[in-house]
């Protein structure tokens, strides 16, 4: 017998495949995404960035048994170097994932591999799910007897920090992508450790510079991890220029990284395509920015449309003003990698588009990506 969660995923895959998903899969293009695989007791694949391709995934050598290379399975294929296994299920026209990186969770064995895309539980199989640029593909084991799968944790922290106190926030995501703070989560970075308070906040004391892996764990939750670069003042690491890099004779200053995705912004607490009531609509616009160098500026643009009229949020007057549809203006909210902006009033009904624009010290800036630096949501 399939458990209810497994059954809903399978039925959803069938229905969507027969309807709109076939054309969507064919139309999807390559995307740069992050893939992570959490095992029963350890991280099997740490966050790994890949760019999907249009090359189909054929695991069993039969050309007709193929999944789009732009799918979540295509991203897994690239991130693991093909180190996964599972049979082709002809009735569903997709591969079932039984084993990843040597850890087996075949259906009927007590657990199965659960798929989430961009902090939301996928209602379709890995062949149909089409992640977009900037999104995360996450797989982890879920018990077949569980009423629902455990929710993944999410760490919010600056990509760089000075030695000493490092602030971290831990949240947990529901299957619909709603984030809530986690109390009592354990956060570690090397020898440093701390426990989150009721607001999900913790402060780690890191005394030595270097690159650290931040890990967060909590009961009945899926662990999360990210990296942070810790520097000792202006020591020339983590994007700092160094105390004498520009003046020492014969020394060429290091060239800051410039390139695609040098700066990646990610909204928190606002779910893509979600319909909120006025009571539970977002009151705080927050998120994080990952950059190879120091974050210089973070700005937001919030646009609203309702019954054919369009509005733009003015950061100076702190209210919505009439504007041309599709046009708005950014207002600065932070000069740090973590940002938070409290709205002065509850959001009125309508369709909203939140854009995040961030720049770093090297002059790189974000590229808008749906579900990450651009979030569309609704208030009823």
Length gained if residue 60 through residue 91 is fully extended, taking 0.36 nm per residue and subtracting the Cα-Cα distance, is 9.6 nm
Could you line up 172, 283 from fewest to most neighbouring Cβ atoms inside 10 Å?
-> 283, 172
Rounded to whole Å, √(5λ) for the Cα gyration tensor eigenvalues of the stretch 258-380, largest first, gives 25, 14, 13
Per GNM of the chain with C-alpha springs under 10 angstrom, the most fluctuating residue out of 340, 41, 193 is 41
Within the chain, percent of DSSP bridges classed antiparallel, to nearest 5 | 90
Kirkwood Rh and Cα Rg combined as Rg/Rh, the chain | 0.98
Calculate for the chain the 222 nm mean residue ellipticity that helices alone would give, adding -39,500 (n - 2.57) per DSSP H run of length 4 or more and normalising by residue count, nearest 500 deg cm²/dmol.
-> -2500 deg cm²/dmol
Express in whole angstrom the spacing between the alpha-carbon centres of the stretch 332-350 and the stretch 68-133.
-> 36
Which whole-number percent is the relative contact order of the stretch 77-134 (Cα, under 8 Å, 6+ apart)?
-> 21
If one takes the longest principal axis of the Cα atoms in the chain, at what angle in degrees, from 0 to 90 and to the nearest 10, does the Cα axis of helix 4-18 lie?
-> 90
Largest-first ellipsoid semi-axes for the stretch 153-231, taking √(5λ) over the Cα gyration tensor eigenvalues, angstrom = 22, 12, 10
With contacts defined as alpha carbon pairs under 8 Å and 6 or more residues apart, what's the relative contact order of the stretch 295-360 in percent?
-> 47
For the chain, modelled as a Gaussian network with Cα springs under 10 Å, which listed residue fluctuates most, 34, 52, 237?
-> 237
Over the chain, what is the mean sequence separation of C-alpha contacts under 8 Å (at least six apart), divided by residue count, expressed as relative contact order in percent?
-> 12
Between 321, 356, 206, find the one with the highest GNM mean-square fluctuation for the chain; connect C-alpha pairs within less than 10 Å.
-> 321
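No value in this document is a laboratory result; all are computed from the given coordinates. All of these numbers come straight from a predicted model, not from anything done at the bench. Reconstructed Cβ throughout: ideal geometry from the backbone, glycine too, with neighbour counts over all protein chains shown.
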